[in-house]
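Reviewing the structure listed below.
Rule-based calculations on the coordinates, nothing more; no lab input. It should be emphasised that the depicted structure is a prediction, and the values quoted were computed from it without experimental measurement.
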């Protein structure tokens, strides 16, 4: 039965330590990426709730109502005295929506920027999830190869961390 040399075990120990370090770093970065994506998602939701965006269609609809009210007065379908209050309200509503729309353009741009940032962070999270899975797979592969090596040496239960002390005790006998 030929066991790995002390040098080989030392080299394997360094390799496994490097794999474990990469795994830990990948897990930490995954957690950070997840926190950033979650935080930005909350920011997008809060911004959308706090800023009611006025669309071009809403402004267009308000202007159409205003124009219809004026057309009805002009055509004589409605008297000036009975149509004026509705017309004045339609003017105010259209003007208010138009003013809000100007502010909404800025808000919409800001919301779009937040959503684009969220997309980038979700993509980074996906990449980090893959790196974390790959790092975990590398450790599992190393451990599986070690178990196969030990099974071939008829030491199927020999943990990697125990081989050095076991080999030292074996050579002192």
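Measuring from centroid to centroid over Cα atoms, what is the spacing of the range 1-71 and the range 103-147 in Å?
When both Cα centres are located, 6 Å separates them.
Which of 24, 141, 74 moves the most in a Gaussian network model of the chain with Cα springs under 10 Å?
Maximum fluctuation in the GNM of the chain, among the listed residues, is at 74.
Mind checking which of 82, 98, 14 has the largest fluctuation in a GNM of the chain, springs on alpha carbons under 10 Å?
Highest fluctuation of the listed residues: 82.
When you take every Cα atom in the range 1-78, what is the radius of gyration, and what is Dmax, the widest Cα pair distance, in Å?
Using the Cα atoms of the range 1-78, the pair Rg, Dmax is 33.6, 109 Å.
222 nm [θ] for the chain, helices only, -39500 (n - 2.57) per DSSP H run of 4+, per residue, to 500?
Mean residue ellipticity at 222 nm (helix-derived): -31000 deg cm²/dmol.
On the first, second and third principal axes, largest extent first, how far apart are the outermost C-alpha atoms of the range 6-172 in Å?
114, 22, 16
What residue among 105, 139, 78 has the largest mean-square fluctuation in a Gaussian network model of the chain, using Cα springs under 10 Å?
78
log10 I(q)/I(0), Debye, Cα-only the range 53-117, no solvent, q = 0.24, 0.25 Å⁻¹?
For the range 53-117, the Cα-only Debye profile gives -0.90, -0.94.
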